[in-house]
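The values are calculated or read from the model by the stated rules, or taken from the named source; none is laboratory data. Keep in mind the model is a prediction, meaning the values are calculated, not measured. Counting neighbours? That spans all protein chains shown, and the Cβs are built from the backbone with ideal geometry, glycine included.
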Amino acid sequence: MVDDKTKRFSVYLPEKVKSDLEQMAYETGLSMTQLIVMATHGLLSNYKSNGGNIFADLVNSRQKNLFSETLKTLRSENSVMQEYYGARAFEYEKVYHREDPEYQQELSLLTTILKTVVKDRNVLEVACGTGYWTQVVSEVAHHIVGLDIRPEVIQIAHDKGLPRTKVDFIVGDAYNLGQLENDFDFGLANFWFSHIPKNKIEDFLTGFHNKLQPGAKVFMADNVYVEGRGGELITKDNSEDTYKIRELADGSKYEILKNYYTYNELFEFFEPITEELKIFCGKSFWYVHYTVKSLN
Ligand SMILES: C[S@@+](CC[C@H](N)C(=O)[O-])C[C@H]1O[C@@H](n2cnc3c(N)ncnc32)[C@H](O)[C@@H]1O
């Protein structure tokens, strides 16, 4: 974190949680703020006594080991980008409500294409965040495993109440998918590619593709560079990556890695390692859709 001006702390609560909280406030005679403060104290003291394992109920037993390994990674890396998405969890989805008709039109194009190509698939979604795309995909896919490194975003995704028979959320590391099953025939990673350091892209794609069955399809979407949108792009002499400063509603600032790609760069990168490659580059978003290349 670059700068901490935290005085007030605003959080986004889903409608259902808000109405349950209102009901509890009515029944107990306490204010909603008092209830939230009490709940936070409870959470902190539980975390102090039991550590990150208190989030273990979010994952099923098959995946608990992966979860505790991930927590170790989280503690040791303490990466700014991960910290930022943890802190941003409750405000993240605002990004999809930008009041810009052209932006909304492209977003709905992405949604339509994704829903067409993901129909009836067994999906591995990495860096699923708060489950915005998981929810979209859950309308048509056969099954989805959504994975993200931050327990805070997985909690929000979990609270969306998507059908349990169709959707599992797990805390895990996109660079270390080793302990997952290999039974997926579709890989999804939206708004993740831009956060991968360029020298880790190959590692990520190798691990990701290894979790997919032969002939599996992949869909990845991300932002196109728009000057002035989301702050100034920062370059550094000693880095091939670019960065942006992101500010949260509470005033805290984070410098996060954010790389942008043109159509040609995406083509040069994906064409040699994929089959049936389709690339779209619009004014706000790009997507790639391809078949994982078989090894023989
Ligand atoms: C820009 S958000 C995208 C979230 C979601 N895919 C969406 O499009 O709404 C990037 C996500 O990557 C997650 N992330 C960061 N590092 C990760 C890692 N090593 N493994 C898995 N997820 C990671 C963050 O927690 C965050 O939720």
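Taken over the stretch 211-240, the criterion of being within 21 Å of the chain's Cα centre (by Cα), of a type outside the set (A, V, I, L, M, F, W, C) and either modelled with pLDDT under 95 or within 14 Å of the ligand (Cβ to nearest atom) (or both) is satisfied by Lys211, Asp222, Asn223, Arg229, Gly230, Gly231. Any residue that is under 18 Å from Ser79 (Cβ atoms), touching a residue at least 12 places away in the same chain (Cβ under 8 Å) and either touching a strand residue (DSSP E or B) at 6+ places or on another chain (Cβ under 6 Å) or not in a helix (DSSP H, G or I) (or both) - is there at least one of those in the stretch 212-235? The answer is yes; a qualifying residue exists. For the stretch 213-222, the condition of being surrounded by fewer than 17 Cβ atoms within 10 Å (Cβ to Cβ) and among the hydrophobic types (A, V, I, L, M, F, W, C) holds for none of the residues. Just give me the residues in the stretch 83-92 being surrounded by fewer than 16 Cβ atoms within 10 Å (Cβ to Cβ) and either part of a loop (DSSP other than H, G, I, E, B) or in contact with a helix residue (DSSP H, G or I) (Cβ under 9 Å, 6 or more places away or on another chain) (or both), in sequence order. Listed by number, the list holds a single entry, Gly86.
May I ask you to list the residues in the stretch 108-127 that are on the phi < 0 side of the Ramachandran plot and in contact (Cβ under 8 Å) with a residue 40 or more places away in the chain? If the condition is that a residue be on the phi < 0 side of the Ramachandran plot and in contact (Cβ under 8 Å) with a residue 40 or more places away in the chain, then Leu109, Leu110, Ile113, Leu114, Val117, Val118, Arg121, Asn122, Val123, Leu124, Glu125, Val126 are the ones that fit.
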